[in-house]
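The values are calculated or read from the model by the stated rules, or taken from the named source; none is laboratory data. Bear in mind the structure is a predicted one, so any value in this text is a computation, not a measurement. Here the Cβ positions follow ideal geometry from the backbone for every residue, glycine too, while neighbour counts run over all protein chains shown.
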Amino acid sequence: MSSAAKPNLIAVLGLVVLTLIWSYNWVVMKSALAYIGAFDFTALRCVSGTLLLFIVMRMRGQSLKPTPLIPTIVIGILQIGGMVGFSQWALVTGGAGKVAVLVYTMPFWVILLAAVFLGERMRRLQYVAVAVAAIGVILVLQPWHLTGSWRSLGLAVLSGFCWAASAVVTKRVYTRYPGIDLLSLTTWQMAFGTVLMIVVAFLVEQKPIEWTANLFFALSYNAVLATAFCWTLWLYLLKNLPAGIAGLSTLAIPVCGVLFAWWLMAEVPSVADGAGMILIVLALAMISIPRRQVAPA
């Protein structure tokens, strides 16, 4: 295998791992709310993940010097305070599958923001894929049948927008600081976002915490896998893939999230849900078609 092909294979494998961990985590996060308030859970999850990342940095002998302050704070606020905080809040009244799909409107926001701020252009086939995926998401959402909380709907979409904005800011940071360390950026943006979530958790009145085995599992899963490991992997994918492609590829996560919620939480998808997921998978297949190389004259 050529050296040029290796990064693509690593990115594909990374997306598969990311899909499985983050898909199942929607069920984990929803289940945890039976024992803890949304903001307390988010704060504890982020504190644990941040401490773990600092320990990893120290074990690797890396400097604990913060990455560029202002952009790192912005990424932390958007990615941790915005994406993680709003999505957990949305789960209080929203179903795990539905919230997952709403949060993952993120790819469409990424394409819009990347076009405006990064100057990225997509191929014609990829625009078609966006349209097919959009129809699929609409079928999964079924807005004509929504009976749940509109606050949950708005929070989930806002979570997706914040995530997309953090992806675009991250891309610009990589461009401006090409030598920036991936692990340091992940750790410090999480640290700044965690401070915000701790403040919110103290200010908002929530239910008393019930320290059960299920809660410890949920916190461990989120701290080690869904937070520390997956945010590092996500930033790696952003560094090695165009923002639009990385965003669209993660449409597989809400599809699997719906399936996990169906299997484990009895959130049974309708015929429209199934049709929507098929269209999303079709869109993912379309964007995976490589660009044809023009032979030199």
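A few remarks follow.
- For F108: the one exception among (1) modelled with pLDDT under 85; (2) farther than 27 Å from A156 by Cβ: (2)
- Checking every residue in region 108-116 against the condition of being within 18 Å of the chain's Cα centre (by Cα), part of a helix (DSSP H, G or I), crowded, with 21+ Cβ neighbours inside 10 Å and not aliphatic (A, V, I, L, M) gives zero matches.
- Looking only at residues of region 134-146 that are modelled with pLDDT under 80 and assigned to a helix (DSSP H, G or I), we find that the one that is surrounded by the most Cβ atoms within 10 Å (Cβ to Cβ) is V140.
Matching residues to (1) in contact with a Lys or Arg (Cβ under 7 Å, 6 or more places away or on another chain); (2) among the β-branched types (V, I, T); (3) farther than 16 Å from N214 by Cα; (4) modelled with pLDDT of 85 or more:
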site: L13; (1), (2), (3), (4): no, no, yes, no
site: V28; (1), (2), (3), (4): no, yes, no, yes
site: G37; (1), (2), (3), (4): yes, no, no, yes
site: G49; (1), (2), (3), (4): no, no, yes, yes
site: M59; (1), (2), (3), (4): no, no, yes, yes
site: Q62; (1), (2), (3), (4): no, no, yes, yes
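- Test: residue in region 186-193 that is closer than 30 Å to A228 by Cα, of a type outside the set (S, T, Y) and in contact with a Cys (Cβ under 8 Å, 6 or more places away or on another chain): yes
- Condition met for W163 (in contact (Cβ under 8 Å) with a residue 12 or more places away in the chain, of a type outside the set (V, I, T), buried (at least 20 other Cβ atoms within 10 Å of the Cβ) and touching a Ser or Thr at 6+ places or on another chain (Cβ under 6 Å)): no
- Failed criterion for M286 (all others in (1) surrounded by 21 or more Cβ atoms within 10 Å (Cβ to Cβ); (2) at pLDDT below 80 hold): (1)
Table: residues versus (1) more than 22 Å from the chain's Cα centre (by Cα); (2) surrounded by fewer than 23 Cβ atoms within 10 Å (Cβ to Cβ).
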residue	(1), (2)
A32	no, no
G37	no, yes
L44	no, yes
G49	no, no
M59	yes, yes
P71	no, yes
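- Test result for K207, among the basic types (K, R) and in contact with a helix residue (DSSP H, G or I) (Cβ under 6 Å, 6 or more places away or on another chain): no
Every residue, every condition in (1) part of a loop (DSSP other than H, G, I, E, B); (2) under 24 Å from L203 (Cβ atoms); (3) of a type in the set (G, A, S), yes or no:
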residue: A34; (1), (2), (3): yes, yes, yes
residue: L44; (1), (2), (3): no, yes, no
residue: M57; (1), (2), (3): no, no, no
residue: V92; (1), (2), (3): yes, yes, no
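- Flag for F192 being in contact with a Ser or Thr (Cβ under 9 Å, 6 or more places away or on another chain), at pLDDT 85 or above, more than 18 Å from T50 (Cα to Cα) and not β-branched (V, I, T): no
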